[in-house]
1. Out of the residues in segment A:174-207 that are touching a helix residue (DSSP H, G or I) at 6+ places or on another chain (Cβ under 8 Å) and surrounded by fewer than 17 Cβ atoms within 10 Å (Cβ to Cβ), state the one that is farthest from residue A:108 (Cα to Cα).
2. Given (1) assigned to a helix (DSSP H, G or I); (2) closer than 24 Å to residue B:37 by Cβ, identify the lone condition not met by residue B:124.
3. Determine if segment A:272-291 includes at least one residue that is buried (at least 23 other Cβ atoms within 10 Å of the Cβ), within 21 Å of residue A:387 (Cα to Cα) and away from chain B (no Cβ under 14 Å).
4. State the number of residues belonging to segment A:220-240 that are surrounded by fewer than 15 Cβ atoms within 10 Å (Cβ to Cβ) and in contact with a strand residue (DSSP E or B) (Cβ under 6 Å, 6 or more places away or on another chain).
5. Can you name the helices (runs of 4 or more DSSP H) wholly within segment A:1-85 that have at least 1 residues being within 14 Å of chain B (Cβ to nearest Cβ) and over 26 Å from residue A:276 (Cβ atoms)?
6. Taking segment A:378-394 as the search range and keeping residues that are surrounded by 21 or more Cβ atoms within 10 Å (Cβ to Cβ) and modelled with pLDDT of 85 or more, which one is farthest from the other protein chains (Cβ to nearest Cβ)?
7. Kindly provide the set of residues from segment A:153-169 that are over 12 Å from residue A:98 (Cβ atoms) and either crowded, with 17+ Cβ neighbours inside 10 Å or at pLDDT below 90 (or both), ordered by number.
8. For segment A:288-317, how many residues meet the condition of being free of Cβ contacts under 8 Å to residues at least 60 places away in the same chain and not in a helix (DSSP H, G or I)?
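The values are calculated or read from the model by the stated rules, or taken from the named source; none is laboratory data. Fair warning: this is a prediction, and the values are worked out from it, not measured in the lab. Cβ coordinates were reconstructed from backbone atoms using ideal geometry, including for glycine residues, and neighbour counts include every protein chain displayed.
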């Protein structure tokens, strides 16, 4: 019986191929679009419940003073505080190859010690200088004012080498900015991303701010994550009547805020994905109906030979299922293999994620398309009276 | 012993509001091992009678006993299973599956019977050898002549060893030589293998090969 299904599928190879290809492309697009949603979801995961982020209440692009640091550190429940400033420079050798750079202060790598792994570092010329909790391999970075730490994927993309000095052209902070690569990191969490450059905040403040110390965001490590709500309220209450006031939130909420900037884009992507699937359902159903209509007399002959309505129904549904399930598997797995892990959004979002749940959803949808598209022609074929089927040719 | 008994069978088709009586209280007994030709003008009800005997269509009223089964009382899957086991059907236009080879076409009815693939293949090859096509097993229908295609169709009708063979104009689409080969084959199946054969034909020469001829006129037997 399976052989009969297969020979029928290959009786019009071009039609079968085109239908299967259209299902493959549709499911590839579906999984890629839903992969964007997965990626947005993944970007929220970078945040930890054990860390808070404090920023200017008015806007993220407005700074807050360095003078707030001591007051934040004094709030009970705050273990460590680090500074993080967006730099936004360009590589003159590759102006379109944008990547993120942050000026961070010493505690930063101690706070994120569990999120990154230093995989390569220059040997230190002197002892000491590494903050408690930070990787000792970062010694040479901490000893050099213009040193930087670069993600391994960015290193590969740019073709940079450890110890190399790269000069970036400042945009927010004009001028040429030489940096010496002293360490390479690998993200332990995919969502952290491997395409960012970190350098000393002090270098930024001295060269770019004329000694003025303005801060983009503070990262607060908590001694007890369960106290996050109390701590963030306590931090913000300190600056309630100050100019500027602060907004403190968990790192996850901070990342979710970025995602919310995409507005209705996720909803639009979902609608497009569902529309693609629905249109393919119609195409597959039309193909199956055409295929069955062409074989009306053969169905009559099979029934004359003793094939039951159930046999005919199963055969037609199986044909539809092979086409759509085959195409669905190719499309969904293709999206997983070709799209997953690609940094298509630069450094604003982590590399593309296509969750296995999305792949399985895609395959499930393909199966459903097969069942639905095969259902009507299968019912028509199974209900066909033999004499009516044979009359069409006899 | 009667192989086929048609008792007071009526078949009425509805065409919109109009009722068309195709068979009108027809009674007929075909003995076991007979070779019967059904003749008559177009629209006389020959093919309808053949379809009723073959369980392909259902009578409006009356009884149809084939072997020891009253098939007028069967329906759906039971009738399909009965067809698979009891009837071999030969069509005017052969109706082979173009995507299957000769031997695969002959294997089709055996897919409904629990048996190994090897046994199925062996029986299909034997049936094709019986109809003189042992050297055309792997040929597709498009690679065969009309006469050869009809012999494959006969092998397909034979392969499950039914007691009754029904042939609807089996020589209607063939040249004289091929028609003669097919008729000889049917005669042999009747004589040597004891198959009961009911053949619808317009051709008097073909009808002469049968042991008994019946004429239908407007749904009624005239002899």
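1. Once the filter is applied, the top-ranked residue is A:175.
2. Residue B:124 satisfies every listed condition except (2).
3. No, the conditions are met nowhere in segment A:272-291.
4. The qualifying residues number 1.
5. Helices (runs of 4 or more DSSP H) meeting the threshold: A:2-9.
6. Within segment A:378-394, the match that is farthest from the other protein chains (Cβ to nearest Cβ) is A:378.
7. A:153, A:155, A:160, A:166
8. Summing the residues that are free of Cβ contacts under 8 Å to residues at least 60 places away in the same chain and not in a helix (DSSP H, G or I) in segment A:288-317 gives 3.
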